[in-house]
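The values are calculated or read from the model by the stated rules, or taken from the named source; none is laboratory data. The structure presented is a predicted model; accordingly, all values stated were derived computationally and were not measured. So basically every Cβ, Gly included, is an ideal-geometry build from the backbone, and we count neighbours across all protein chains shown. The accessibility values were calculated without ligands, DNA or RNA, using every heavy atom of the protein model including side chains. Shrake-Rupley method; radii C 1.70, N 1.55, O 1.52, S 1.80 Å.
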Amino acid sequence: MRIPESELIINSDGSIFHLHIKPEQLADIVILAGDPGRIAFFKDFMSEVECEGSSREFVWATGLYNGKRVTTLSTGIGCDNIDIVMTELDALANIDFKTREVRPEHRRLTILRLGTCGAIQPEIPLGGFIFSHISVGCDGLLNWYENRDSIALLDFEEAFKKHVKWNKHLPDPYFVRASEKLIKKFEDCTYKGMTISASGFYGPQGRVVRQGLAMPDMLEDFESFEFDGYKITNFEMEGSALAGMAAKLGHDAGTVCCVIAHRYLKDANTNYKARVKGLVELVLERLTA
């Protein structure tokens, strides 16, 4: 079936609409970062930068590390941007831009998001690395797509809504497991995480500035939730959409974050760039080994 121009916009130079990447410029290994400035960290480690570009908050580069081709791409903040990024990465991999038809052979990408987060469990230190074995979508994005239950952990979802007394005005949360392949690559050097992906930085993460919260006890309720050996470990803002869309589209995906704020200890580290750069090197080594 031919995909109409209105549904998948291809730029006049043959690149995808938002990302401005051409199909031949995309590697099989893709590392995502929220901050456009973080792409420079990845480029510093590459032995060769093959091609690069930018459009709005989407800054990217494809190059070599350990002799393997890697694409690194910034997404900006939020699950709405991940909807764009994942749809367009999959299109680059699996749609023929000349015929506008899905290619007969599926190309499976390895996509890892590297970010920063706030921890809520006392045993996880500032500067620690958390790999999200399970991502918890409080953003509602996956609910817009058909068959979301087919990749969701429904028993986790029901237990969570009951435990935290989920507000009826909020979209249903969804729980999605990361790629087992990626979990195994990082299980010996990260904390096992069950991560909340929030739809905002302040209220949706339990911060009170000048407005109260719809669920005033949410931080305590999130911290005390436990199911099937998992506790909620941290907050970030993109991982659930990544895990959910990758699972539906047939890609390996996950999220690993450096803790720069500690909600339980009421502490934060604003001088975290060196630690994040260390995580960049670790991720490159593990993904290209």
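General observations
Here's the yes/no breakdown for (1) outside any loop (DSSP other than H, G, I, E, B); (2) open to solvent by 20 Å² or more (accessible area, probe 1.4 Å); (3) within 30 Å of LYS273 (Cα to Cα):
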residue: HIS106; (1), (2), (3): no, yes, no
residue: CYS117; (1), (2), (3): yes, no, yes
residue: ILE124; (1), (2), (3): no, no, yes
residue: ILE130; (1), (2), (3): yes, no, yes
residue: LEU142; (1), (2), (3): yes, no, no
residue: ASP155; (1), (2), (3): yes, yes, no
residue: TRP166; (1), (2), (3): no, yes, no
residue: HIS169; (1), (2), (3): no, yes, no
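- Evaluation of SER224 against (1) closer than 23 Å to THR110 by Cα; (2) among the polar types (S, T, N, Q); (3) open to solvent by 40 Å² or more (accessible area, probe 1.4 Å) (one fails), failing number: (1)
- Strands (runs of 3 or more DSSP E) (entirely within the range 1-96) containing at least 3 residues that are under 16 Å from THR110 (Cα atoms) and in contact with a strand residue (DSSP E or B) (Cβ under 9 Å, 6 or more places away or on another chain): 29-33, 58-65, 68-74
- The condition (being open to solvent by 10 Å² or more (accessible area, probe 1.4 Å), touching a helix residue (DSSP H, G or I) at 6+ places or on another chain (Cβ under 8 Å) and assigned to a helix (DSSP H, G or I)) is satisfied by just one residue among LYS162, LYS181, LYS185: LYS185.
- Looking only at the range 227-239, and only at residues there that are within 24 Å of GLY115 (Cα to Cα) and of a type outside the set (A, V, I, L, M), the one that is most open to solvent (accessible area, probe 1.4 Å): LYS231
- Which numbered condition ARG207 misses (of (1) over 16 Å from the mean Cα position of the chain (by Cα); (2) in a loop (DSSP other than H, G, I, E, B); (3) exposed (fewer than 14 other Cβ atoms within 10 Å of the Cβ)): (3)
- Of all residues in the range 229-278 being without any contact (Cβ under 8 Å) to a residue 40 or more places away in the chain and either within 10 Å of the chain's Cα centre (by Cα) or part of a helix (DSSP H, G or I) (or both), the one that is nearest to ILE183 (Cα to Cα): GLY278
- Test for LEU112: is it hydrophobic (A, V, I, L, M, F, W, C), over 30 Å from ARG263 (Cβ atoms), in contact with a helix residue (DSSP H, G or I) (Cβ under 7 Å, 6 or more places away or on another chain) and open to solvent by less than 40 Å² (accessible area, probe 1.4 Å): no
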